[in-house]
1. Spot the failing condition for Ser272; the list is (1) under 30 Å from Ile118 (Cα atoms); (2) of a type outside the set (D, E, K, R); (3) away from ligand 2 (no atom under 16 Å from the Cβ), and only one is missed.
2. Out of everything in the stretch 162-195 that is within 15 Å of the chain's Cα centre (by Cα) and in a loop (DSSP other than H, G, I, E, B), what residue ends up being surrounded by the most Cβ atoms within 10 Å (Cβ to Cβ)?
3. Find the residue count for the stretch 64-96, including only residues that are under 19 Å from the mean Cα position of the chain (by Cα) and surrounded by 15 or more Cβ atoms within 10 Å (Cβ to Cβ).
4. Output the number of the condition that Arg258 fails; it satisfies all remaining conditions of (1) charged (D, E, K, R); (2) within 16 Å of ligand 2 (Cβ to nearest atom); (3) closer than 19 Å to Gly125 by Cβ.
5. Just to be sure, is Met249 out of contact with any helix residue (DSSP H, G or I) (no Cβ under 6 Å at 6 or more places or on another chain), in contact (Cβ under 8 Å) with a residue 12 or more places away in the chain and part of a loop (DSSP other than H, G, I, E, B)?
6. Where in the stretch 58-143 are there strands (runs of 3 or more DSSP E), lying wholly inside it, with at least 2 residues that are of a type in the set (Gly, Ala, Ser)?
7. Can you list residue pairs whose Cβ atoms sit under 7 Å apart, with the first residue in the stretch 81-93 being away from ligand 1 (no atom under 11 Å from the Cβ) and the second being modelled with pLDDT of 95 or more and assigned to a loop (DSSP other than H, G, I, E, B)? Count only pairs 6 or more apart in sequence or on different chains.
8. Does Leu212 meet the test of being aliphatic (A, V, I, L, M) and within 15 Å of ligand 1 (Cβ to nearest atom)?
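The values are calculated or read from the model by the stated rules, or taken from the named source; none is laboratory data. These numbers come from a predicted model, not from an experiment. A quick note on method: Cβ atoms are made from the backbone with ideal geometry, for glycine too, and the neighbour counts reach across all protein chains shown.
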Amino acid sequence: MNPYLVFSEEVQAARAEGKPLVALESTIIAHGFPYPENLEMALAVEETVRQAGAVPATIAILDGRIRVGLTRPELERVAQSRDLPKASIRDLPVLCGLGRSAATTVASTAQVAVLAGIDVFVTGGIGGVHRGWGETLDISADLPALARLSLAVVCAGAKTVLDLPATLEYLETHGVTVLGYGTDTFPGFYIRSTGLPVDARVETPAEAAAVLRARRALGMPGAVLVASPIPPEDALDPATLDRWLQEAMAEMAAAGVRGKAVTPYLLARLHSLSQGATVRANKALVLHNARVGAAIARALKAAG
Ligand code: PSU
Ligand code: MN
């Protein structure tokens with residue numbers, strides 16, 4: 001047993017009973033949404049996973065321990081502490097070695113999920129290649145993590161703030177299988193389609209599970225990315241979104257924001273420029289992904 005890993009009671013029981021588990025990240029709680037919407041969202045996502053017949057395991061690092069499954073007070077701590085750092089993979093040894101606390105991104109959550117033997121991870125949107133990457137070399141650690149870690153990651157695409165064609169090129173180069181869940185095109189987070197093609201389309205949780213099983217049987221490390229579009233009734237108008245985005249990016253350039261502050265800055269600016277419309281859309285797509293991820297986790301268990 002790993003000395004840094006601590007399972008919640010709920011997750012411990014699920015492991016003992018062989019129930020399907022779904023990993024959830026905490027950066028989206030600490031830095032992706034304002035308080036208290038972030039706490040409401042986190043609780044609603046967990047409840048959605050339970051209703052869909054799986055067990056949620058929200059992951060964060062608290063006091064040097066990797067927590068797999070958070071209690072209500074722990075979730076509140078993550079949701080309320082604005083200064084909880086955002087931890088990527090390279091930060092895990094520092095946090096564990098020195099007894100510190102942080103929220104985990106897609107990259108570090110996936111790393112922990114694999115360590116904890118969890119096959120399915122649900123998030124909102126993955127990180128990717130940032131616009132202007134030619135000058136900044138800003139490529140999210142989420143991408144190399146997906147290339148290396150064997151699990152299914154359910155998302156609504158990559159955040160609209162990114163260079164999406166470059167993000168898909170990176171995933172192709174590194175051999176990540178990208179599935180469209182009920183779609184032929186890569187979804188655009190707040191919008192249903194980017195118009196960019198995916199490798200293959202699947203229609204059911206069983207099909208997504210079959211692709212992950214086959215990938216493993218072929219001895220291939222790396223993730224199967226299940227890209228599931230935001231429900232039509234929750235999607236934003238692409239032209240309006242683009243206006244907000246242009247404004248947010250201009251402000252960001254003026255403010256000189258760089259590195260890991262980029263994603264939280266842009267999300268927060270979009271939330272305020274859209275007067276909450278992006279918060280609502282973000283919550284809706286995460287809840288939808290939670291249903292899809294729970295169903296895939298069940299399908300993986302059903303097939304053994
Ligand atoms: N998608 C969201 N909200 C978020 C994130 C993604 O809807 O808060 C977070 C995820 O944790 C993701 C991270 O891993 O942003 C990517 O940050 P960066 O670009 O710095 O790697
Ligand atoms: Mn970055």
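1. Every listed condition holds for Ser272 apart from (1).
2. So, considering only residues that are within 15 Å of the chain's Cα centre (by Cα) and in a loop (DSSP other than H, G, I, E, B), the one surrounded by the most Cβ atoms within 10 Å (Cβ to Cβ) is Tyr190.
3. 16
4. The one condition Arg258 does not meet is (3).
5. no
6. Answer list for the stretch 58-143: 102-104.
7. Leu84/Ser101
8. In short, no.
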